[in-house]
Amino acid sequence: MNTKTKRDLEGMEQRRREGMRLLGQGISQAEVARRCEVSRPTALRWERQRQSSRGSAWKRRPLGRPSKLSPTDKQHLEKALLQGAQAHGFLNDLWTLPRVAELIHRQNGVRLHPGHVWRVLGRMGWSVQRPTGQAAQRDEEAIARWKKYTWPALKKSP
């Protein structure tokens, strides 16, 4: 069971906006905290932000660490990925996470752990792909015979 609760970011932003408006009207921090149903230290923080940033203090800040790759870097990476792995000096045309990490390092000087590259690719709209082709020498009749006669004989009986 997931014990985490989802934050109501829109609701938080609306309370912050309302609190800033009330503070701007000269209402006390304690009263703002009561009306907006937040703690007094939160109302104090809003007041300090309102005084220091003038107008944009109510806006929600992005969560998490900022990306090491700029949008331009990601565009260049996408172009490189579309060119194929061989175009960038790899032996075959298969993109793996370590290869993409190496490409990012070559292009931008940014080192990413291969285990985290998939997140960058996911945000760019890329997904894990599996080969769709089948072997040219595949013999469907032989496979069917094997499944029908050989496999049951190999399976252990109870």
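The values are calculated or read from the model by the stated rules, or taken from the named source; none is laboratory data. Everything numeric here is computed off the predicted structure, so don't read it as measured data.
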Quick one: would you say Trp58 is assigned to a loop (DSSP other than H, G, I, E, B), of a type in the set (A, V, I, L, M, F, W, C) and at pLDDT below 90? yes
Within segment 62-71, identify whether any single residue is at pLDDT 90 or above and assigned to a helix (DSSP H, G or I), and answer yes or no. yes
